[in-house]
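Here is the structure we will look at, set down as structure tokens.
Laboratory data are not the source of any read-out in this text; all were calculated from the coordinates shown. What you are looking at is a predicted structure, and each value in this text was computed from that prediction instead of being measured. A quick note on method: Cβ atoms are made from the backbone with ideal geometry, for glycine too, and the neighbour counts reach across all protein chains shown.
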């Protein structure tokens with residue numbers, strides 16, 4: 001049984017192999033260029049959290065207070081929220097530092 005031939009007298013199997021090899025080589029070369037690009041980290045302008053104001057009825061020097069329970073409870077809630085905001089801020093800064101380190105490593109690898 002005769003094989004069908006493509007252009008320039010090559011059989012279809014050889015043509016498919018050549019096409020596959022060329023595609024593979026092109027893909028590998030594009031992957032090399034894509035991995036060589038270093039993306040600088042973008043910092044969003046996140047604002048550091050601010051401490052809640054101490055209620056007027058708390059004397060920080062003598063560590064006493066004349067506040068009602070609602071004021072103390074509200075202040076404690078504000079402090080808890082502040083602590084959560086600080087944790088998120090620290091996580092964001094740590095992530096930014098890690099992305100910056102990756103960028104620096106990428107730039108160094110390009111120089112080698």
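By the gyration tensor of its Cα atoms, with a ≥ b ≥ c the square roots of the eigenvalues, what is the shape of the range 41-112: rounded for a/c under 1.5, prolate for a/b over b/c, or oblate?
Prolate, because a/c is 1.5 or more and a/b exceeds b/c.
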Point-to-point label distance, residue 38-residue 101, nm (Cα→Cβ direction, 7 Å offset): 1.6
Relative packing of peptides 82-91, 60-69 - highest average C-beta neighbours within 10 Å first: 82-91, 60-69
